[in-house]
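Worksheet for the structure shown next.
The values are calculated or read from the model by the stated rules, or taken from the named source; none is laboratory data. Since this is a predicted model, take the numbers as computed values, not measurements. Neighbour counts run over all protein chains shown; Cβ positions are idealised from the backbone, glycine included. The protein model used for the area step is the full one, side chains on, heavy atoms only, and it has no ligands, DNA or RNA in it. Shrake-Rupley method; radii C 1.70, N 1.55, O 1.52, S 1.80 Å.
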Amino acid sequence: MFLHLGADIVVKKDDIIAIMDMETSSLSKITKEFLKNEERSGNVINVDVENLPKSYVLVDDKNEKKLYISPIATSTLLKRANSKNMFNI
C-alpha cells in the first residue's frame, strides 16, 4: 500500500517511520537539530515548494533514510495511512 504525500510523491506505507507536525515538533531543540542534520546530509525532499510545509514524513526506503516535507497536514496523512484504500490519495 502507498501513501500520497503531495504533488507527485508517493511512498510505501511500510517504509514510513514517522509522520510529524512541522509547527509543533520543530519547537524542540533536538528536533531542530535533527532537521538541520538531515538537510545537511541531503536527505530532505521538499514535496511542494509553492505551499507552506505542514508536516514531514521520515521514510526508510531500502535502508536509505529520507525526510519528505509535505504541504499536507499530519491529520490528513494519518487518515490516509489508516485507510484501507490501496493508494490513499
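Yes/no per residue for (1) open to solvent by 30 Å² or more (accessible area, probe 1.4 Å); (2) of a type outside the set (A, V, I, L, M, F, W, C); (3) at pLDDT below 95; (4) within 12 Å of residue 66 (Cα to Cα):
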{"position": "8", "(1), (2), (3), (4)": "yes, yes, yes, no"}
{"position": "13", "(1), (2), (3), (4)": "yes, yes, yes, no"}
{"position": "16", "(1), (2), (3), (4)": "yes, no, no, yes"}
{"position": "24", "(1), (2), (3), (4)": "yes, yes, yes, no"}
{"position": "27", "(1), (2), (3), (4)": "yes, no, yes, no"}
{"position": "32", "(1), (2), (3), (4)": "yes, yes, yes, no"}
{"position": "38", "(1), (2), (3), (4)": "no, yes, yes, yes"}
{"position": "51", "(1), (2), (3), (4)": "yes, yes, yes, no"}
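Just need a number here: residues in the stretch 68-77 that are within 11 Å of the chain's Cα centre (by Cα) and either of a type in the set (Val, Ile, Thr) or more than 16 Å from residue 10 (Cβ to Cβ) (or both).
Final tally of qualifying residues: 4.
Please go through the stretch 62-84 and give me each residue that is open to solvent by less than 50 Å² (accessible area, probe 1.4 Å) and farther than 17 Å from residue 26 by Cβ, ordered by number.
Passing the criteria: 66, 81, 83.
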